[in-house]
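The values are calculated or read from the model by the stated rules, or taken from the named source; none is laboratory data. A quick note: this is a predicted structure, and the numbers were derived from the prediction, not measured. We place every Cβ from the backbone using ideal geometry, glycine too, and count neighbours over all the protein chains shown. We work out accessible area using only protein heavy atoms, side chains counted, and drop any ligands, DNA or RNA first. Shrake-Rupley method; radii C 1.70, N 1.55, O 1.52, S 1.80 Å.
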Amino acid sequence: MSGGTLYLYDPDQSVYDHLSAGVYEIDPLEYEDDERVRGLLTRFVEETDSRRAESILGDWRCERMHFVRIETSEYQRVRDELRNG
């Protein structure tokens with residue numbers, strides 16, 4: 001991953017065991033992420049009839065807590081600088 005944002009469904013919270021500390025920032029979903037991930041899942045269900053994605057959407061209030069946003073530390077620094085001027 002060289003830049004951008006990755007959304008990962010990680011109900012076992014195993015992502016922390018596999019990424020290098022200091023290289024990646026792992027955060028819970030923010031409000032704007034919530035809408036984006038729901039939209040991506042909805043589209044995925046429409047295009048693939050995925051039962052798993054449909055199940056996640058059906059219990060979104062609980063399942064959203066299993067998603068994390070992953071960005072490289074450098075990408076997040078630049079994004080934050082642009083946000084804050």
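For the range 1-18, the tally of residues that are assigned to a helix (DSSP H, G or I) and either in contact with a strand residue (DSSP E or B) (Cβ under 9 Å, 6 or more places away or on another chain) or hydrophobic (A, V, I, L, M, F, W, C) (or both) stands at 2. Among the residues of the range 58-85, those that are in a strand (DSSP E or B) and not hydrophobic (A, V, I, L, M, F, W, C) comprise 69, 71, 72.
Filtering the range 19-57 to residues that are assigned to a helix (DSSP H, G or I), open to solvent by 70 Å² or more (accessible area, probe 1.4 Å) and closer than 18 Å to residue 6 by Cα leaves 31, 32, 35, 36, 38, 40, 43, 44. If you filter the range 2-18 down to residues that are open to solvent by less than 100 Å² (accessible area, probe 1.4 Å) and at pLDDT below 85, you find that the one that is farthest from residue 74 (Cα to Cα) is 4.
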